[in-house]
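Student: Submitted below is the structure of interest, expressed as structure tokens.
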Amino acid sequence: MNRLFAVILISALAACQPTTQIEKSWFEIGTHYTPSPSNKVLVVALVKDEYSRTVIEDNLVKKFKNPAVESYKLLTKEMIKEAKPEALEKYIAEGGFTHILLMRLAGVEEQAYYVPGASVSVGVGMYGGYGTYFGYAAPVYSAPGSYSTDKKYHIETAFYSVKPNKLLWTGTTKTENPKKLDKAVNMIADVVVDKMTKQGFLVR
């Protein structure tokens, strides 16, 4: 019975492991981005709390490995909340940025599912007579079932050029059951960069 419980537990845990994949992506045919000293990217994570913003932007800047700057070093949370395009354009111009990467939470899905319990009849030593058989066979040990929830986070990433102000690449990722923010962001960044590279948009 212990082995059966272990199988159920492992199955439940496996169903809750975090995964990230690209749902859809698009890029302007004929365009590409090459990291170089002449290109400078402003990375902006449009999230509600500053801690998450810092973690996300720090991780994305590391992935690009070229002149890239976290927006939290330039734009206050008040500026983000006000969402005034002219304020953003001012800092882009003053900072000499050639590109801007924006990331936002596009939506969250929640899906509940039922994990059935285990039922095992005990039959050892039950053949001494019908009374003994009844006494051993009737009891059924049951592990109660339980409900669990899968959470799916849809994250949209958009990459723009500054001059001209034009969308060059966009993609939406789906991350299931993230446990730690930094690990989830790393996975998203890896998937996005990998997709950009395979499409020929990101040329290193």
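Student: Enumerate the calculated ³J(HN,Hα) couplings along the range 70-80 in order (Karplus 6.51 cos²θ - 1.76 cosθ + 1.60, θ = phi - 60°), each rounded to whole Hz, writing x wherever the residue is Gly or Pro.
Tutor: 3J(HN,Hα) across the range 70-80, in whole Hz: 6, 5, 5, 7, 10, 9, 6, 5, 5, 5, 5.
Student: What FRET efficiency comes out for LYS163 versus THR19 if R0 is 41 angstrom and r is the Cβ-Cβ distance? Round to the nearest 0.05. Don't skip to the end; give the middle numbers.
Tutor: Values: r = 38 Å, r/R0 = 0.92.
E between LYS163 and THR19, to the nearest 0.05, is 0.60.
Student: Another question, if that's okay. Which residues in the range 168-187 place their backbone N less than 20 Å from a point set 7 Å from the Cα of ARG204 along the Cα-to-Cβ direction?
Tutor: Zone members listed by number: 169-171, 183-187.
Student: I want to check the label-to-label distance for GLN111 and THR149. Put each point 7 Å from Cα in the C-beta direction and report it in nm to one decimal.
Tutor: Using points 7 Å along Cα→Cβ, the separation is 1.6 nm.
Student: Here is a further query. Starting from the Cα-Cα distance between HIS32 and ASP190, subtract it from 0.36 nm times their residue separation and give me the gain in nm to one decimal.
Tutor: Values: separation 158, 0.36 × 158 = 56.88 nm, distance 1.80 nm.
Extra length from HIS32 to ASP190 when fully extended: 55.1 nm.
Student: ³J(HN,Hα) across the range 83-93 via Karplus (A = 6.51, B = -1.76, C = 1.60, θ = phi - 60°), whole Hz, x for Gly/Pro?
Tutor: Here the 3J(HN,Hα) series is 6, 8, x, 5, 5, 5, 4, 4, 6, 5, 5 Hz.
Student: Something else: Work out how much length LEU46 to LYS73 would gain on full extension: take 0.36 nm times their residue separation and subtract the Cα-Cα distance, in nm to one decimal.
Tutor: Numbers: separation 27, 0.36 × 27 = 9.72 nm, distance 1.41 nm.
Gain on extension, LEU46 to LYS73, equals 8.3 nm.
Student: Can you give the FRET efficiency to the nearest 0.05 for ASN177 and ALA93, using r as the Cβ-Cβ distance and R₀ = 41 Å?
Tutor: 0.50
Student: May I pose another question? Please enumerate, by chain and number, the lysines with C-alpha under 20 Å from the C-alpha of LYS163, excluding those fewer than 8 residues away in the same chain.
Tutor: Filter leaves LYS40, LYS84, LYS90.
Student: Next question. Of LYS63/LYS198; LYS24/LYS65; LYS166/LYS198, which ones are farther than 19 Å apart at the Cα? Write down the numbers at each step before the final one.
Tutor: Details: LYS63/LYS198 16 Å; LYS24/LYS65 25 Å; LYS166/LYS198 21 Å.
Listed pairs above 19 Å: LYS24/LYS65; LYS166/LYS198.
Every number in this text was worked out from the coordinates using simple rules, so none of it is lab data. From a predicted model like this one, the values you see are computed outputs, not experimental measurements. Cβ coordinates were reconstructed from backbone atoms using ideal geometry, including for glycine residues, and neighbour counts include every protein chain displayed.
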